[in-house]
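A short write-up of the structure that comes next.
The values are calculated or read from the model by the stated rules, or taken from the named source; none is laboratory data. Being a predicted model, the structure only gives us computed values, none of them experimental. Cβ placement follows ideal geometry from the backbone for every residue including glycine, while neighbour counts extend to all protein chains displayed.
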Amino acid sequence: MAEALAERVASLPELRTAAEWAAHGLPLGTTSDDCARLLDLACRSYYTMSSAPYDRLEATSVADAALAEDPSCLLAHVIKLAVPLLGAPKVRADEGQLAAAREVAARGSASVWELAHLAVVEAYLRGEAASVDAMLYEIIEAYPRDIMAVRLSFVFNGPAESQKLLRNARATAASFTDEVDPVMNGFVGSELSYALEECEEYAEAEKVARWAYERNRGDSWAAHQVAHCMEMTGRYSDGAEFMRDSFAEWKSGGMAGHNMWHWALLHSAAGEHAEALALADRLFDYHKNALTFGLK
């Protein structure tokens, strides 16, 4: 493991060993604790949209490091297949990566849970959208603390399937408490608030988003939900003020560019056009035109 990544892992005591994954009802095929902790870091970075304390990370690169510790870890292969699908202009897969995942699956060491995730990715790549939703919900029912499944439901269903997103996010949120994981508990709230917002339940969505943001003030996903709710309820100047006051906390997160775009929209909607244009100039320089998902 590279020294910088090893230091990052050591700084995050919440990252789980293989036994701790199993204790959360999520069995891994690997027995390597270094691999297990890297998998946890990759999943957390992916789920939180690379928000602090899991910011400035590429989930696929962390998965590569996990595979260096144990090449037979199926979940790491699945992460490398699934993560690039977020925001992809068309469904595609790395055929070599897919073949490697299938080879690992055929060896028989992967858990049933990991095999279910590979089956989801394969069904999605075949264009079987209805099957994917049913498969993901089956995983979430069986493994309610599976943050990967909830993130994939966002990626594969999208905002048009908001009721399904809400169903899945509620199931996961119900299984998290501070006793289970005090850090992820807040981030799980961020995902729930997004689903609520997409279902136009703005009051509850904003309440949950603000709670989540107070738990993890680097949560660029929760900040996004607060901005969205304020935009949709016509509180444009107040929304712009929130984004300005919180910017220093979430600016390193993966949603930062997208959040700045919302911030500019709030200024524009409030009639504060000079502020909107000035922010747009900052945005183009800050994220080099990567506006859609705030990816660097």
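Among all positions in the stretch 83-99, there is at least one residue which is polar (S, T, N, Q), assigned to a helix (DSSP H, G or I), surrounded by 15 or more Cβ atoms within 10 Å (Cβ to Cβ) and more than 17 Å from the chain's Cα centre (by Cα). Note on the stretch 108-165: among residues that are more than 16 Å from the chain's Cα centre (by Cα) and not in a helix (DSSP H, G or I), the one that is surrounded by the most Cβ atoms within 10 Å (Cβ to Cβ) is A110. Comparison of S72, S51 shows that the only residue that is surrounded by fewer than 21 Cβ atoms within 10 Å (Cβ to Cβ) and small (G, A, S) is S72. When A116, A99 are checked against the criterion of being out of contact with any Phe, Trp or Tyr (no Cβ under 8 Å at 6 or more places or on another chain) and over 25 Å from W21 (Cα atoms), A99 stands alone in meeting it. Within the stretch 174-204, the only residue that satisfies the criterion of being in a loop (DSSP other than H, G, I, E, B), touching a Ser or Thr at 6+ places or on another chain (Cβ under 9 Å) and charged (D, E, K, R) is E200. Here Q163 passes the criteria (1) at pLDDT below 90; (2) touching a helix residue (DSSP H, G or I) at 6+ places or on another chain (Cβ under 7 Å); (3) over 15 Å from Y46 (Cβ atoms) except the one numbered (2).
Within the stretch 26-52, the set of residues being of a type in the set (G, A, S), under 20 Å from the mean Cα position of the chain (by Cα) and either part of a helix (DSSP H, G or I) or at pLDDT 95 or above (or both) comprises A36, A42, S45.
Here are some residues: H224, H267. Which one is touching a residue at least 24 places away in the same chain (Cβ under 8 Å), over 22 Å from the mean Cα position of the chain (by Cα) and in a helix (DSSP H, G or I)? Lay out the reasoning, then the answer.
On the way: H224 fails: over 22 Å from the mean Cα position of the chain (by Cα).
Criteria check complete, one pass: H267.
Among residues of the stretch 187-202 that are among the aromatic types (F, W, Y), those with a Cβ under 8 angstrom from a residue that is surrounded by fewer than 24 Cβ atoms within 10 Å (Cβ to Cβ) and part of a loop (DSSP other than H, G, I, E, B), sequence gap 6+ or separate chain, pair up as Y202/T233. Only one entry in Y213, Y236 is aromatic (F, W, Y), touching a helix residue (DSSP H, G or I) at 6+ places or on another chain (Cβ under 9 Å) and under 25 Å from L15 (Cα atoms), namely Y213. Here E7 fulfils each of the conditions (1) crowded, with 20+ Cβ neighbours inside 10 Å; (2) of a type outside the set (A, V, I, L, M, F, W, C); (3) more than 21 Å from F176 (Cα to Cα) apart from (1). The one condition from (1) of a type in the set (A, V, I, L, M); (2) more than 23 Å from R145 (Cβ to Cβ); (3) at pLDDT 95 or above that A290 does not meet is (3). If only residues of the stretch 1-11 that are at pLDDT 95 or above and of a type in the set (A, V, I, L, M, F, W, C) are counted, the one that is nearest to H77 (Cα to Cα) is V9.
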